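The values are calculated or read from the model by the stated rules, or taken from the named source; none is laboratory data. Only a predicted model underlies this, so the values are computations on that prediction, with no experimental measurement involved. For neighbour counting, all protein chains shown are included, and Cβ atoms are generated from backbone atoms with ideal geometry for every residue, glycine included. Accessible surface areas use protein heavy atoms only, side chains included; no ligands, DNA or RNA. Shrake-Rupley method; radii C 1.70, N 1.55, O 1.52, S 1.80 Å.
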Amino acid sequence: MLEVEGVAKQFLLGRRSLWDKLTRRRLKHVRAVWEATFRVRGGETLVVLGESGCGKTTLGRLIVGLERPDSGRIAVSGDPVRPVRERGSKRGRLQMVFQDPGSSIDPFMKVRDVVAEPLTGSDLSQEAKGKKILEVIASVGLDQSLLDRRASELSGGQRQRVSVARAIISDPEVIVLDEPTSSIDVSIQAQVLNLLVDLQKLNGYAYLLITHDPNVARFMADSVAVMYLGKIVESGAAEKVLSQPKHPYTQALLASAPKLGKTSISEVVKGEPTSLIDLPPGCPYAPRCPHVMEVCRKREPPAYEVEGVSVECFLYDKGVMAQQAKSSLD
Ligand SMILES: Nc1ncnc2c1ncn2[C@@H]1O[C@H](COP(=O)(O)OP(=O)(O)OP(=O)(O)O)[C@@H](O)[C@H]1O
Ligand SMILES: [Mg+2]
């Protein structure tokens, strides 16, 4: 089981010069991930859904230890996750399938070496390694004749299957799948998603699947976390969040779904997302929200529990809404 509690990460914009240090000048920060909290059990899939730039990849990288959180706790079956840099290159129990296999796989490497990478430094014999490679390449539905080809000679779909083979070879418990189908042809996206479902059934992986596509979320999710400008604004069981969205942002995101591919969410939701840099106070969605109230621009809403779903929006605060009703009567 994966446990994530209050995880936050900011990036400094630009480098801090000596002058900045001496004058203690405050540099601008990008709030990439803010206080993320959730759990994913083995055999289950949490889908992280959100627009481009909202912090999804950063969240994935934090979980597998490629980024160090500023605060918060990440654990797998009770053991804290240490940054990759401290524990060497072996990413045994956590693996990530990267957003763009074109750039995450060295095109000149042989497929065999790409797949075997997570076994570097393991004490498996050469023979056992060879066996394992054949096993995973078969389980992602590729022919073993591909093993001696270079990654650059593969199709997009094949390359994505190689990424999956590389992720499962170390028998991980948790796999972060970052937009696993966004770089491949629509006609084979379903094949790759089905493969992921089958592998999960067989091996009980906990998946954290990152996507901007509500249709992928519908297909894959047991639970959903909707992210907006670094924050999880709504989370809960998939059937609830996807069929009765509560946060105005989730509502807009899902309303845009059938048109995705042609229209972007920014054509459905009015205005561009606020910049992540030096966010104004209040709810990050306030500048675009059709239901915005005065309080939304002043304070950030806490999480409210509504019908088993957690939603960060003042529309679900009884006190605020009573006040609102009263002032509209006055
Ligand atoms: N190493 C870094 N240094 C500075 N800023 C970064 C760094 N990595 C990410 N960011 C910033 O953090 C924010 C979140 O980026 P991230 O890649 O996590 O978004 P995303 O949701 O995965 O977007 P996309 O859907 O386009 O992949 C962005 O504003 C990005 O510019
Ligand atoms: Mg990303």
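Under 8 Å between Cβ atoms, which residue pairs at least 6 apart in sequence (or on different chains) link something in segment 100-115 that is open to solvent by less than 10 Å² (accessible area, probe 1.4 Å) with a partner that is modelled with pLDDT of 85 or more and part of a loop (DSSP other than H, G, I, E, B)?
Between residues of segment 100-115 that are open to solvent by less than 10 Å² (accessible area, probe 1.4 Å) and residues that are modelled with pLDDT of 85 or more and part of a loop (DSSP other than H, G, I, E, B), the close pairs are Val111/Arg149; Val111/Leu154; Val114/Ile105; Val114/Asp106; Val115/Ile169.
Just one of Ser122, Ser163 is modelled with pLDDT under 90 and either outside any strand (DSSP E or B) or under 28 Å from the mean Cα position of the chain (by Cα) (or both); which is it? I'd like the intermediate steps shown before the answer.
On the way: Ser163 fails: modelled with pLDDT under 90.
Testing whether each residue is modelled with pLDDT under 90 and either outside any strand (DSSP E or B) or under 28 Å from the mean Cα position of the chain (by Cα) (or both) leaves just Ser122.
Quick one: Gly230 ticks every box in (1) away from ligand 1 (no atom under 16 Å from the Cβ); (2) at pLDDT below 95; (3) open to solvent by less than 10 Å² (accessible area, probe 1.4 Å) bar one, so which box is it?
Every condition holds for Gly230 apart from (1).
For segment 14-41, give me the residue count where each residue is open to solvent by 80 Å² or more (accessible area, probe 1.4 Å) and near ligand 1 (Cβ under 8 Å from one of its atoms).
0
Looking for something over 17 Å from Leu229 (Cβ atoms) and open to solvent by 60 Å² or more (accessible area, probe 1.4 Å) - is there at least one such residue anywhere in segment 42-55? Give the steps one after another, and end with the answer.
Of the residues in segment 42-55, the ones over 17 Å from Leu229 (Cβ atoms) are 42-47.
Narrowing the set further to residues that are open to solvent by 60 Å² or more (accessible area, probe 1.4 Å) leaves 44.
Yes - at least one qualifying residue is present in segment 42-55.
Mind telling me which of the residues Ile184, Ile188 ends up being closer than 18 Å to Pro101 by Cβ, in contact with a helix residue (DSSP H, G or I) (Cβ under 6 Å, 6 or more places away or on another chain) and surrounded by 18 or more Cβ atoms within 10 Å (Cβ to Cβ)?
Working: Ile188 fails: surrounded by 18 or more Cβ atoms within 10 Å (Cβ to Cβ).
Just one listed residue meets the conditions, Ile184.
Starting from segment 54-71, take each residue that is farther than 12 Å from Gly6 by Cα and list its partners that are part of a helix (DSSP H, G or I) and within 8 Å of ligand 1 (Cβ to nearest atom), counting only C-beta distances under 8 angstrom and pairs at least six apart or across chains.
Once the first residue is farther than 12 Å from Gly6 by Cα and sits in segment 54-71, its partners that are part of a helix (DSSP H, G or I) and within 8 Å of ligand 1 (Cβ to nearest atom) give Glu67/Thr58; Glu67/Arg61.
Give just the number: which of (1) in contact with a Pro (Cβ under 6 Å, 6 or more places away or on another chain); (2) farther than 15 Å from Leu202 by Cα; (3) surrounded by 15 or more Cβ atoms within 10 Å (Cβ to Cβ) does Ile169 not satisfy?
Only one criterion is unmet by Ile169, namely (2).
How do the strands (runs of 3 or more DSSP E) wholly within segment 5-112 filter down when requiring 1 or more residues that are more than 13 Å from the chain's Cα centre (by Cα), within 16 Å of ligand 2 (Cβ to nearest atom) and not polar (S, T, N, Q): which remain?
29-40
I'm trying to understand the selection: among the residues of segment 56-83, which are of a type in the set (A, V, I, L, M, F, W, C), out of contact with any Pro (no Cβ under 6 Å at 6 or more places or on another chain) and open to solvent by less than 20 Å² (accessible area, probe 1.4 Å)? Break it down into steps so the answer makes sense when it comes.
Of segment 56-83, the ones of a type in the set (A, V, I, L, M, F, W, C) are 59, 62-64, 66, 74-76, 81.
If we keep only those that are out of contact with any Pro (no Cβ under 6 Å at 6 or more places or on another chain) too, we end up with 59, 63-64, 66, 74-76, 81.
Matches in segment 56-83: Leu59, Ile63, Val64, Ile74, Ala75, Val76.
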